[in-house]
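The next block holds one structure in the form of structure tokens; read it before the comments.
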Amino acid sequence: MPDEQGHPSRSEMRLASVMAALADPVRAKVVRDLATDLNDTERTCASFRLEVSKSTQTHHFRVLREAGLISQIDYGNSRKVKLRRTDLDDRFPGLLALVAAEDEPATD
């Protein structure tokens with residue numbers, strides 16, 4: 001059962017949910033950015049500079065959180081995002097390397 005913030009446990013993470021979350025280019029960019037940061041830095045949602053509305057950003061981060069790709073940490077009036085690298089590497093070995101290696105799609 002997910003915790004009170006909606007984070008599934010490692011055993012609850014499903015490949016279908018992870019792949020569905022990664023199918024969207026905005027969400028894939030977030031995970032790619034986090035996967036290439038080997039320091040596993042906590043980042044604010046605004047730091048990704050996504051070209052979507054704030055409500056759409058909220059939706060994307062919820063999908064990533066509920067799939068188990070990220071954890072969101074509340075700090076009072078702010079929220080930070082961190083990749084669940086250890087859980088993902090244990091549950092789906094090699095997945096993050098594939099995501100990090102993928103080129104961003106060209107925009108027209």
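None of the figures in this text is laboratory data; all of them are computed from the coordinates on show. It should be emphasised that the depicted structure is a prediction, and the values quoted were computed from it without experimental measurement. Positions of Cβ are backbone-derived with ideal geometry, glycine not excepted, and every protein chain shown enters the neighbour counts.
Worth pointing out:
- Percentage of interatomic Cα-Cα distances in the stretch 55-107 larger than 15 Å: 59 percent
- Taking only the C-alpha atoms of the stretch 10-99, the Rg (one decimal) and the largest Cα-Cα distance, Dmax (whole number), read 12.2, 35 Å.
- A simple charge model with +1 on the Cβ of Lys and Arg, -1 on the Cβ of Asp and Glu and nothing else charged puts the dipole of the stretch 11-71 at about 180 debye relative to its Cα centre.
- Length gained on full extension, Arg14 to Glu42, computed as 0.36 nm times the residue gap minus the Cα-Cα distance: 7.7 nm.
- CD proxy at 222 nm, helix term only [per DSSP H run n ≥ 4: -39500 (n - 2.57); per residue of the chain; nearest 500]: -13000 deg cm²/dmol
- Between Arg49, Arg91, Arg14, the residue with the greatest mean-square fluctuation in the GNM of the chain (Cα pairs under 10 Å linked by springs) is Arg49.
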